[in-house]
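To start, the structure itself, in C-alpha cells.
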Amino acid sequence: MSEYQFIHFLAIDKPLNDKQMAFMRRQSTRAEITEWEFTNEYDFGDFHGNAKEMLRRGFDIHLHYANFGIRRLMIRLPSGLPCDRRTFKAFQVEDCVEWIADKKGKGGILDIEPESDAGTYDEDIYDVDTLLHKLVLIRNLLINGDLRPLYIAWLACNYDEQSMEPPVPAGLGKLPRELKAMADFYELSNKLLEAAAKRSPRLSKASDAGETIKEWIAKQSPKELRTLVGKFLMNDTAEIRAKTLSRIREQSGAVTWPTAEPSRTWGQLRDSAG
C-alpha cells in the first residue's frame, strides 16, 4: 500500500484577510489556498506547517488524514469549551482528546487524535477531500453547548477497559449527519453507538439550552439588550454569538445540554456492543 496523506483547513465564520493569507502561504509551497480553504496532498513527505497557529490565525477547523493511521480533527472554539473544565476532564483522554487554551481569553482548540498505526483502521477513505465539509457543523454543535461530539471523541480515543465513561449526553440515539460522519471517520460501530445510547436521555424539542437562553434574555435590561443588538449589527456576528452563548452558560450556572450520570466502563460498553 502506497503512502497517502491529506491536509484540509476550512474557514467558517469569515474569509481570511490578506495578512492571514500571506501567513498561510508560508506554511506550504504546494498547497491550494483560498480565503476559505487550504488543501494539500502527499504521496511522499509530510506537512510541516503549524496547524495550531493556522487555526489561531483564521481557519476554524482542520482535518489530517493518512492511510497509515492518522485521523486527526482540530476545531477552533473562540469562546471556549461547551462545558466547564471539570466536566471536560471526564471526556479528556491524555494525548488524544485535548484542549489547547489560548494564552489570552477563553478561546482555544479542541484536538482529537486517537493513538493509531497502519493496522488500527480497516479501510482507506476515498472521499477524504469532501469529508471535512461533512464534519464542519460539529463546530456549531459545540458552540451551542452540545456534548455529543465530546462523547464520540471519547469513544474513538479510549482503549482503557477500566476507564469510566463521561456524562452521557442526551440525543446519542438520534445523531445528526455531521456526528454520524464523525463516528464513521473513526470507524465506531453502530452496535457500540447503540450500546452507548441506551443510557442517553431523549432530546426534547424544547431543549434545556433554548429555555436557558430565554430565561437569560428575560433577565436583561433594555439597555443591555440594545447593546447586544448593536454588537451583532456592527461586529463579527459568529464571534459575538459564540461569546454570548458562553456568557449565558457561565451566568446561568446550568448545564445547557442534558446528561445522564456515567455508570459504565469502556470494557462494559464494548461487551454490551458484542
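The values are calculated or read from the model by the stated rules, or taken from the named source; none is laboratory data. Note that the coordinates shown come from a computational prediction; the quantities given were computed from them, not determined experimentally. Note that each Cβ is placed from the backbone with ideal geometry, even for glycine, and that neighbours are counted across all protein chains shown.
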(Q) Pairs please, first residue from region 62-83 and over 13 Å from L131 (Cα atoms), second anywhere and surrounded by 21 or more Cβ atoms within 10 Å (Cβ to Cβ) and among the aromatic types (F, W, Y), Cβ atoms under 8 Å, 6+ apart in sequence or on different chains. (A) R76/F59; P82/W257; C83/W257
Q: Can you run down the residue pairs with Cβ atoms below 7 Å, 6 or more apart or on separate chains, where the first is in region 112-136 and assigned by TED's automatic domain parsing to the domain that holds L179 and the partner is among the hydroxyl-bearing types (S, T, Y) and not in a strand (DSSP E or B)?
A: P114/Y186
Q. Which residues, counting only those in region 29-48, are over 19 Å from I112 (Cβ atoms) and outside any strand (DSSP E or B)?
A. T29, R30, A31, T34, E35, W36, D43, F44, G45, D46, H48
Q. So which residues in region 129-169 are outside any helix (DSSP H, G or I), of a type in the set (A, V, I, L, M, F, W, C) and under 16 Å from I112 (Cβ atoms)?
A. V136, L137, L147
Q. What residue, of F59, F47, is among the aromatic types (F, W, Y), surrounded by 14 or more Cβ atoms within 10 Å (Cβ to Cβ), closer than 19 Å to F185 by Cβ and touching a His at 6+ places or on another chain (Cβ under 8 Å)?
A. F47
Q | Residue identified as part of a helix (DSSP H, G or I) and assigned by TED's automatic domain parsing to the domain that holds E165 among R72, R25, R76 | A | R25
Q: Within region 157-170, track down each residue that is touching a Leu at 6+ places or on another chain (Cβ under 6 Å) and either outside the structural domain of L193 (by TED's automatic domain parsing) or surrounded by fewer than 23 Cβ atoms within 10 Å (Cβ to Cβ) (or both).
A: A170
Q.
Would you confirm, using the coordinates I've provided, whether I12 is in contact with a helix residue (DSSP H, G or I) (Cβ under 8 Å, 6 or more places away or on another chain), assigned to a loop (DSSP other than H, G, I, E, B) and at pLDDT 90 or above?
A. yes
Q: Please state which one of R148, R72 is closer than 22 Å to W266 by Cβ, in contact with a His (Cβ under 6 Å, 6 or more places away or on another chain) and either modelled with pLDDT of 90 or more or among the aliphatic types (A, V, I, L, M) (or both).
A: R72
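This table checks each residue for (1) in contact with a Phe, Trp or Tyr (Cβ under 8 Å, 6 or more places away or on another chain); (2) under 19 Å from R177 (Cα atoms); (3) buried (at least 21 other Cβ atoms within 10 Å of the Cβ).
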position: W99; (1), (2), (3): yes, no, no
position: G108; (1), (2), (3): yes, no, yes
position: E113; (1), (2), (3): no, no, no
position: D129; (1), (2), (3): yes, yes, no
